[in-house]
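Only one structure is covered here, and it is reproduced in the block below.
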Amino acid sequence: MQPTVTAPTSQFERLANVVALPIGRWDRNARLIFCNTPYLAWAGRRQEELLGGTLTALFGEAAWQAARPAFERAFQGEISSYERLLTHAPHPERWVRIQVFPEAGSDGTVASVFTIATDIHQDVVQRDALIAARKRLDRFTDNIPMPLVYLDVECRLRFVNRAWREMVGDASENALGRHVSEVRGEAIWLEQKPYYDKALAGEPSHFSRLVRRIVGGPRWMRTSYYPDFDDGGHVVGIYTLSTDVHELTSTQERLRRSLERDALTDALSRQTMMSCIEYSLTDTKQEYALFFIDLDGFKAVNDEKGHHAGDRLLAAVAAALRGAVRAEDAVGRFGGDEFLVLARGCGRAQAQALAEQLRRTVQATATAAGVNVSASIGFAIAPTDTRDPVALLQYADAAKYSGKNRVMPLGKPGTDAPG
C-alpha cells in the first residue's frame with residue numbers, strides 16, 4: 001500500500017522545493033518518501049507514481065546496483081556519491097552524478113538519506129573523449145618504431161614509448177618520474193645536457209652518438225630534442241625522438257676510412273698522405289722528414305709465391321712501419337710496393353737514424369715472412385730542402401735511387417747497408 005503523501009516534514013524538505021536540482025528522500029528500504037518539483041520533471045512522472053516506490057521498482061535493477069554502495073555508506077553516516085547513465089523516459093540518455101548524504105535523527109541514527117542529482121553529461125562526454133584520444137595517442141606512440149620520450153622542464157621522464165623500453169630494456173614504472181641521470185647514468189646525462197639545455201631555451205637540437213647501454217649491443221643513434229610550448233609560448237617540456245642511423249653511419253665511416261686508408265694495408269692512402277704533408281708544411285716552426293720507401297725484390301715474391309703472399313707481405317710491412325715510428329708520425333702507402341713516412345720534429349741527423357731503423361724493420365719483416373726483400377729509402381727535409389709538398393716528395397723519391405738496400409738523403413752520399 002502506498003504511503004500517504006504528506007507535506008514536507010523537515011527544514012531540508014522545505015528548502016528542497018526551491019532548489020533547481022532533483023532531490024529525493026529515501027528510507028532504509030530504499031523507498032522514495034519525498035521528492036521536490038525538479039525531481040518530478042527529471043523522472044518524467046507524477047508524484048503519486050513515485051512516492052512509496054523502491055529505487056529498483058522505479059528505475060530498474062541496474063539503477064539500484066549502481067546506487068547501492070553509496071546508499072549503504074550513507075546509512076552508515078558517510079556522504080557518498082556515484083555516477084550513472086540515465087536511460088528512462090522522457091529524456092535522452094544523460095550522465096548524472098548523484099550525491100547521497102545521511103539525515104540523522106535526534107538520537108544520531110540515520111533513518112533516511114537524501115539524493116541530489118547533477119547533470120554531468122557534457123563533462124563525462126568530454127572526459128571520455130579525452131580518455132579515448134589519450135588511448136589512441138598511446139597506441140600511436142607505442143607503435144612508432146623509434147624511441148620517443150617526453151620530459152618536463154626539470155628533465156624528469158614523463159612518458160616513454162614501447163620502442164624506448166625495448167631499446168634500453170627498462171619498464172616504464174622504473175623510468176617515469178625520474179631524472180635522466182638516474183635512468184641513463186650521470187655520464188650519458190652530462191654528454192647530452194647541452195642538447196637538453198638548448199631545447200629548454202626553445203631551440204631544437206640534434207645529437208648523433210654510439211649508444212652502448214642498449215639491448216642488442218652498441219648502435220649509432222641520432223636523437224632530436226624538440227621543445228614543447230604552451231599557449232603562452234613558454235617551454236613546458238621536451239620531446240626526444242631517437243632514430244637508428246647505425247647502418248648509414250657505418251657505411252659513411254667505411255667510405256671515409258676507404259678514402260683515408262689503403263684497403264689492403266690499412267696505412268694512410270696516397271691522397272690522405274699528401275694532405276698530411278701539405279698541412280704539416282704550413283708549420284714553419286718544425287722540421288719534417290719525408291721518407292720514400294721502395295721494397296727491393298718484391299716482384300719476385302708475387303711471381304714465385306703468388307699475389308696473396310705479396311699482399312700479406314705488404315700488410316705486414318705497413319704494420320711494422322707503424323710500429324717503428326711515433327704515434328704522431330704518419331705512415332702511408334704511395335702505391336704498389338712503395339710507402340711514405342712523415343716524421344715531425346726530425347732534422348737530418350735524426351732522419352738518417354730513423355731511415356736506418358725503417359730499413360732494418362723492413363728487412364726483419366721480410367725475413368720473418370721467409371722472403372728475400374729489402375728496402376731502398378730516400379728522404380728529404382722540410383723546410384731545409386724545400387717548403388713545397390710536391391717538391392719534397394720528388395726529392396725523397398729521387399734520393400732512393402742510389403741503389404738497393406740503402407738509405408740516401410737528398411744531395412748526400414748513401415751508405416751501404418751492412419752485410
Residues that are in contact with a Gly (Cβ under 9 Å, 6 or more places away or on another chain) and more than 17 Å from GLY105 (Cα to Cα): does segment 62-70 have at least one? no
Scan segment 44-56 for residues that are touching a helix residue (DSSP H, G or I) at 6+ places or on another chain (Cβ under 9 Å), open to solvent by 30 Å² or more (accessible area, probe 1.4 Å) and not basic (Lys, Arg) and jot them down. GLN47, GLU49, THR54, THR56
State all residues of segment 282-310 that are touching a helix residue (DSSP H, G or I) at 6+ places or on another chain (Cβ under 7 Å) and of a type in the set (Asp, Glu); if no residue qualifies, say none. ASP294
For segment 61-154, please list each of the strands (runs of 3 or more DSSP E) lying entirely inside it that holds at least 1 residues being open to solvent by less than 60 Å² (accessible area, probe 1.4 Å) and under 30 Å from MET167 (Cβ atoms). 148-152
Members of segment 333-347 found to be closer than 23 Å to THR284 by Cβ, surrounded by 17 or more Cβ atoms within 10 Å (Cβ to Cβ) and touching a residue at least 60 places away in the same chain (Cβ under 8 Å), listed by number: LEU340, LEU342
Hey, among ILE277, ILE188, ILE214, which residue is farther than 30 Å from ASP337 by Cβ, at pLDDT 85 or above and either open to solvent by 40 Å² or more (accessible area, probe 1.4 Å) or not acidic (Asp, Glu) (or both)? ILE188
Suppose we filter segment 327-337 for residues that are part of a strand (DSSP E or B) and touching a strand residue (DSSP E or B) at 6+ places or on another chain (Cβ under 7 Å); how many remain? 5
Looking at segment 14-38, which of its residues are under 17 Å from ALA67 (Cα atoms) and either surrounded by fewer than 16 Cβ atoms within 10 Å (Cβ to Cβ) or in contact (Cβ under 8 Å) with a residue 40 or more places away in the chain (or both)? PRO22, ILE23, GLY24, ARG25, TRP26, ASP27, ARG28, ASN29, ALA30, ILE33
Is at least one residue of segment 310-326 loosely packed, with under 14 Cβ neighbours inside 10 Å and in a loop (DSSP other than H, G, I, E, B)? yes
Hey, any hits in segment 21-41 for a residue that's more than 24 Å from VAL125 (Cβ to Cβ), at pLDDT below 95 and part of a helix (DSSP H, G or I)? yes
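The values are calculated or read from the model by the stated rules, or taken from the named source; none is laboratory data. Quick caveat: nothing in here was measured; it's all calculated off a predicted structure. Glycine gets a Cβ as well: all are built from the backbone with ideal geometry, and neighbour counts include every protein chain shown. Side chains are part of the model used for accessible areas, which takes the heavy atoms of the whole protein and leaves out ligands, DNA and RNA. Shrake-Rupley method; radii C 1.70, N 1.55, O 1.52, S 1.80 Å.
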